[in-house]
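Every number in this text was worked out from the coordinates using simple rules, so none of it is lab data. Since the model is a prediction, treat every value here as computed from it, not as a measurement. Using ideal geometry, Cβ is built from the backbone for each residue, glycine included, and neighbour counts are taken over all protein chains shown.
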Amino acid sequence: MLLPLITVACGLAVLTWSADRFVNAAAATARRTGLSELLVGMTIVALGTSAPEMVVALFAALDGLPDLATGNALGSNIANIGLVLGATALVRPIPVPFSLVRRELPLLLGATGVTGYALANGILGRFDALILVLLMIFSVWWLVRADTPDTPNTIPGDAIPDMTLKHALLWVVLTLVLLSLSSRALVWGASELARGLGISELVIGLTVVAVGTSLPELAACVASALKRQHDLAIGNVIGSNLFNLLAVLPIPAVLAPGAPHPDAAGRDYRVMLLLTLAMAILLLWQRQGRLGRVAGAAFLATYAAYLVWLGLSGGATLE
């Protein structure tokens, strides 16, 4: 059990470091090729912070562990709202940027609804993946369409590193290699831990792997809040959750189609839906107000209760 535990810890550490560098390099590459900083923040950075989930899902599906990949996607969204957004609001109340909410929140709500259908129809297959990917293409088109000259820039200049195109591309390649190697180690260690502890791959994906792959979002959001770069905090959570559903979940659907774990379609999707709707209601209700510490504490308490539920659930054991 010691070797899988060390492998998971090292895999998470390298994954978190390389994901952060990948986001910086991808954003710098996009800016050097002429994309605006606003569009970079809404697409490249959001998609980049989902890169750990995507690579983990890829290797999990190839290893015949689709429940680990599904649990990672759902668990990361639950952690992003309950843990990341909750902790960020608790550190410093977050002003609600209604322009970002208006653009991205409807897309996230739509993706959440489509995901519910994909999980509830009994088979997570290639047709479901096609629908999710088409929705992702539409989402990127919608965000590009919203990138107009009169749209205010909410991404601070120092959020994207100043690199030459050659330097940025070199970092993109290097960090992608590190992402692949660390994700491969993480999937192996997590699956071995699951077998050794008698816990399902789904629960490991929902907890250890999901929290680990959400660390870049947690670090970015807390740092953004401390620097008063509030649009990054809200936009990162919404954008990352959107791409987790539309870019991560199709991977096991294509590579390892089959019936999802009953708990994924029941318990875990419902918790994700509850947190997503609660976040949407709070953001729409606040409009130009603030997401305060009370809301942050409520999100954290909900996430803690969910972890306790996982621990007590009979579905946590291997069947």
Task: Per-peptide average of other Cβ atoms within 10 Å, ordering 81-87, 235-241, 107-113, 135-141 highest first - done: 235-241, 81-87, 107-113, 135-141
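Report the extension gain between L2 and F127 in nm, rounded to one decimal, defined as 0.36 nm multiplied by the number of residues separating them, less their alpha carbon distance. Working shown, then result.
Details: separation 125, 0.36 × 125 = 45.00 nm, distance 4.04 nm.
Value of the extension gain: 41.0 nm.
Going by average Cβ neighbours within 10 Å, how do the peptides 195-208, 116-129, 66-79 rank, with the highest at the top? Please report the intermediate quantities before stating the final value.
On the way: 195-208: 22.4, 116-129: 16.8, 66-79: 30.2.
Ranked from most to least packed, the peptides come out as 66-79, 195-208, 116-129.
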Task: Computed label-point distance, nm, for sites L197 and L174 using a 7 Å Cα→Cβ extension - done: 3.4
